[in-house]
Amino acid sequence: QVQLVESGGGLVQPGGSLRLSCAASGSIFRLNVMGWYRQGPGKQRELVADVTSGGSANYADSVKGRFTISRDNSKNTVYLQMNSLKPEDTAVYYCEADWRDGPWSTVARTWGQGTQVTVSS
């Protein structure tokens, strides 16, 4: 099994920045896509950004130009740098990782526990 531990959420004023981190541990043969989702109050969970093991990133239109996703494969860690934060970015942010525990095993997905990001003055 794989566990994800997130950190870096909190309260920030509009226009501010936060950096989220998510470290994966466990029986990892290969980590494929890692990403961040969020779920705001009364909303469905949505993709924020994800990144392949090769570094190709994908972003939701609402965060393009403000958020940057990156990963350190040597540490099995993915980051989300969030700049120019807006009140509508307020949500619980969840890390996810697609992984395999062996060369012939199927791909599984694990979710982190979530970290709260609140953007408010």
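Miscellaneous remarks
- Cβ-derived FRET efficiency at R0 30 Å, residue 104 paired with residue 72, nearest 0.05: 0.65
- Estimated FRET transfer efficiency (residue 3, residue 44; beta-carbon r; R0 41 Å; 0.05): 0.95
- Accessible area of the chain belonging to carbon and sulfur atoms, whole % at 1.4 Å probe: 47 percent
- Theoretical gain in end-to-end length, residue 11 to residue 52 [0.36 nm per residue, Cα-Cα removed]: 11.9 nm
- 106, 52, 77, 68, ranked by accessible area, largest first (probe 1.4 Å): 106, 68, 52, 77
- Relative contact order of segment 46-121, pairs being alpha-carbon contacts under 8 Å that are 6 or more residues apart, as %: 22 percent
- Inter-part distance where segment 59-102 and segment 17-51 are each reduced to a Cα centre, Å: 6 Å
- Scanning the chain for trypsin sites (Lys or Arg not before Pro) lying in DSSP loops with no more than 14 further Cβ atoms inside 10 Å, the longest uninterrupted stretch between such sites is 76-121.
- Rolling a 1.4 angstrom probe over the protein heavy atoms with all chains in place gives the chain an accessible area of 51 Å² per residue.
The values are calculated or read from the model by the stated rules, or taken from the named source; none is laboratory data. None of the values given here were measured: they were computed from a predicted structure. A quick note on method: Cβ atoms are made from the backbone with ideal geometry, for glycine too, and the neighbour counts reach across all protein chains shown. To get the accessible areas, we keep the full protein, side chains included, count just its heavy atoms, and leave off ligands, DNA and RNA. Shrake-Rupley method; radii C 1.70, N 1.55, O 1.52, S 1.80 Å.
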